[in-house]
1. By counting other Cβ atoms within 10 Å of each Cβ, how are Val116, Val189 ranked from fewest to most?
2. Ranked highest first by the average count of other Cβ atoms within 10 Å around their residues, in what order do 27-35, 91-99 fall?
3. Let me know the Kirkwood hydrodynamic radius for the range 12-154, please, with Cα pairs as the basis and the value in Å to one decimal.
4. Given a Förster distance of 22 Å, report the FRET efficiency between Met132 and Ala111 from their Cβ-Cβ distance, rounded to the nearest 0.05.
5. Tally Lys and Arg at +1 and Asp and Glu at -1 over the other residues with C-beta under 13 Å from the C-beta of Ile15: what net charge comes out?
6. Check which residues have an amide H placed less than 5 Å from Leu39's amide H, if you skip close sequence neighbours.
7. Could you give the nm distance between label points at Lys241 and Thr7, where each point is 7 Å from its Cα heading toward the beta carbon?
8. Convert 20 °C to kelvin, take the viscosity as 1.002 mPa s, use the Kirkwood radius over C-alpha pairs of the range 14-74 as Rh, and evaluate the Stokes-Einstein diffusion coefficient in µm²/s, rounded to a whole number.
Amino acid sequence: MAYTPYTTAQVVQIIDQVAAQKGVNPNLAVATAEVESGLNPYSVGDQGTSFGLFQLHQGGELGSLTPSQAFDPTTNSQVALTEIASVASQYPYLSPGAIAAKAQRPANQAAYAQSVNAAYDALQAGYKPPQMTFNQPSAPISSSATTSSAAPPKFEWYNPSTWVGTADYEVLRFVFMILGLALVIVGVVVMFKTGSSPAPAPAPSTPAPAQVPSQPEAKAEAPAPRGRRRYAKKPEGELKKAAKRAAQAAAVAE
């Protein structure tokens, strides 16, 4: 297979153009590619599983691209700088090297960030990469990359590196987006109904029945014994007068 030759100047120009499209600092983009591949568009690393300027990795940023597609400097730059632009917008306070490390996810992020920062500072100071020509892969390509990289990577929920670019991820993202929208609509409807519905009128109170004061029960008078008449007890004075009258009547009778 014949490969299109690229010079260092051509590679840098392509990176600068894509960086301008993505809104990425061009020196950050070039410094990252220099650390990743030495600005070699045909660079092959990680035992034949990472390819091109930004070393798009099989199972990661390579996605459904074949190694031949990843060797195209424009395509490779577009994939990598899209991720770098996303990280830079989320973490604008990070150093250039830290942004590149967060986007590229190397094994040793601290050492990687230090290398990118050094290359970035040199470019800022006017450093020009040495002119070279690249026209073939720098190492053998893994057979697994040529046979399986054309298929989308397998989605694994526990492995975030497999989420982006897979069909399952896109479906999940769509489902969660719909669920979130539905929850927002339900919340607005409930809030509207709660705020506009009138308060229920209080139920009329039933007056308590008036309490009638209880009358003391009259004690029943015991009946008089049969055969006797009851007489009211007379005062003592009247008894004396009656006795006197009876005595006078007896004396007259004699």
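What follows draws every value from the coordinates through simple rules; no lab data is involved. A quick note: this is a predicted structure, and the numbers were derived from the prediction, not measured. A quick note on method: Cβ atoms are made from the backbone with ideal geometry, for glycine too, and the neighbour counts reach across all protein chains shown.
1. Details: Val116 26, Val189 10.
Neighbour counts put them in this order, fewest first: Val189, Val116.
2. Numbers: 27-35: 26.0, 91-99: 16.9.
Ranked by mean Cβ neighbours within 10 Å, highest first: 27-35, 91-99.
3. Values: mean 1/r = 0.0665 Å⁻¹.
Here the Kirkwood hydrodynamic radius works out to 15.0 Å.
4. Values: r = 25 Å, r/R0 = 1.13.
Computed FRET efficiency for Met132 and Ala111: 0.35.
5. On the way: positive: Lys22; negative: Asp16, Glu34, Glu36, Asp72.
Summing Lys/Arg as +1 and Asp/Glu as -1 gives -3.
6. Under 5 Å from the amide H of Leu39 lie the amide H atoms of Glu34, each far enough along the sequence or on another chain.
7. Reported label-point gap for Lys241 and Thr7 is 16.5 nm.
8. On the way: Rh = 11.6 Å.
Estimated diffusion coefficient is 185 µm²/s.
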